[in-house]
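To start, the structure itself, in structure tokens.
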Amino acid sequence: MKTTITALFIFLTMSVSAQLTINCNSNRFDQEVFSNVTTTSDIQFGSNIDANGANLNLTMDIYEPTGDTMQARPLIVWAHGGSFLSGTKNDGDVVSLSQHFAKRGYVCVSINYRLGIPFPINQESALKAVYRAVQDMRGAIRYMRKDAATVNLYKIDPNTIFAGGTSAGAFTALHVGYLDKYSEMPIAIDTVAMGTIEGNSGSPGYSSSVNAIIDLCGALGNKTYLEPGDVPFVAMHGTTDNVVPYATDMIYVLGAFPVMIVDGSYSISDYANTIGVQNEMYTYFGAGHVPFVSSVAYMDTTVRFVSNFLYRFFGCTPIDPSPFANTFTTGVDLISSESQIDLYPNPASEMIQIKLIEKGNYSLTITDVCGRTISNAKFNTDYTTLDIANLNSGIYFYSINNNNKIFSGKFIKN
């Protein structure tokens, strides 16, 4: 059986010599059929004014399956995490995702985008940071469509483009997909000073529309940006995420500055179901923020679930359509840290004491704001001491597991 992906959008400028054709009897796009990936680094796709008023060149890395002869391939544009303050296109999670999907036959792009939330850190400055990132991702999408319409160096199908990201990058991708009307624009955004939704990050005159969104631990400023007829999305999120809420809650920049209520992946999916927007939602039950960053098992789960979603988008049936349970696992309890844990002092500079209400066999994981694991420890008493003297100043998150009871929270290193 063959399924041909037809154009879902009318493009402003278009000169396409080939169109993506999917052979559902092939393993391509469902399995890793290529052994190696060719990476082209530091391609400048545009430039724009950053949060400090300086002009910044915007770059990306392009991942292609080595030796591929297909003339029109689907494209995934990835954006990294980092709370719109840090991170790069070289972060391990977006590099791994790009490599995994390139081995499946996709072309992948990992982008740098403008970072920075100037003080005072509040709702207005945070919204502007998201808006700049959205403009930059749109610029990268336009660049790839321009390439397809001109020199066609990267052999993408301009009619089959997906936007995805992790954490802040998932924020970015979701808003590229669904913040598409000026009537939805937050009043804090001055489109005269900052530019239109499309922005000025390069390749004007080409469409920045996408066919689907990949949301890995992200959120929308408002779930009602979604409307009937919008493009589908796949979402994955942990129930104990302390950085980006799983459902609807306040989001904190650096874990300390409350900026706005946002709708996390669960709330977005639940709302999409009520208005008929196609989506698939996976819950990392008991897991924190971007668990795939430091876990091969979680990364494998993430790649397979997203891969299956995209393969079904093509009208094909994955060889392993339900490889992982997507339900709440019984026997795991989420415990309020405030009632079970005494952590002091917080903030701290050298040492932190953690006291629990009962003895047990505990495993402790510390992660940073990008979801990277900083340390792991085990203890079998009702208390432990953390030496944080060598940590950089900032916000950190802890997760404590005891016989499937999950305790979580955050602390500040001065």
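The values are calculated or read from the model by the stated rules, or taken from the named source; none is laboratory data. As the structure is a prediction and not an experimental result, all values here were calculated from the model. Cβ: placed from backbone, ideal geometry, glycine included. Neighbour counts: every protein chain shown. Note: areas computed on protein heavy atoms with side chains; ligands, DNA, RNA excluded. Shrake-Rupley method; radii C 1.70, N 1.55, O 1.52, S 1.80 Å.
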Return the calculated 222 nm mean residue ellipticity for the chain, to the nearest 500 deg cm²/dmol, obtained by summing -39500 (n - 2.57) across DSSP H runs with n ≥ 4 and dividing by the residue count.
-> -6500 deg cm²/dmol
Helix 296-313 axis, angle to the chain major axis (alpha carbon atoms, nearest 10°) | 30
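Taking R0 as 45 Å, what FRET efficiency do you get between Met70 and Ser349 from their Cβ-Cβ distance, rounded to the nearest 0.05? Let's see the in-between values first.
Values: r = 56 Å, r/R0 = 1.23.
The calculated FRET efficiency here is 0.20.
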Residues whose built amide H sits under 5 Å from the amide H of Ala287, excluding neighbours closer than 5 in sequence, are Thr239, Thr240
Are any of the pairs Lys103/Lys155; Lys355/Lys378; Lys89/Lys146; Lys181/Lys223; Lys103/Lys146 more than 18 Å apart by Cα-Cα distance, and if so, which?
-> Lys89/Lys146; Lys103/Lys146
Using the heavy atoms of the protein chains alone and a 1.4 angstrom probe, what is the accessible area of the chain per residue in square angstrom?
-> 41
Charge tally for neighbours of Thr88 with beta carbon under 14 Å away, counting Lys, Arg as +1 and Asp, Glu as -1, is -2
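How would you rank 236-247, 266-277, highest first, on the average number of other Cβ atoms within 10 Å across their residues?
Numbers: 236-247: 23.4, 266-277: 17.6.
Put in order of decreasing packing, that is 236-247, 266-277.
At a 1.4 Å probe, what is the % contribution of carbon and sulfur to the accessible area of the chain?
Details: 8380 of 16930 Å².
Carbon and sulfur atoms account for 49 percent of the accessible area of the chain.
Taking K and R as +1 and D and E as -1, what net charge do the other residues with C-beta under 14 Å from the C-beta of Ser294 add up to?
Numbers: positive: Arg372; negative: Asp91, Asp93, Asp300, Asp368.
Overall, the nearby charge balance is -3.
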May I ask you to evaluate 6.51 cos²θ - 1.76 cosθ + 1.60, the Karplus curve with θ = phi - 60°, for each residue of the range 168-177 and list the ³J(HN,Hα) values in order in whole Hz, giving x for glycine and proline?
-> 4, x, 6, 3, 4, 4, 4, 6, 4, x
Please work out the Cα center distance from the range 238-265 to the range 161-204, rounded to the nearest Å.
-> 20
Using the Cβ atoms and a cut-off under 11 Å, what net charge is assigned to the surroundings of Phe397, where Lys and Arg are +1 and Asp and Glu are -1?
-> 0
Place the peptides 78-88, 187-197 in order of packing, highest mean first, counting for every residue the other Cβ atoms within 10 Å and averaging per peptide.
-> 78-88, 187-197
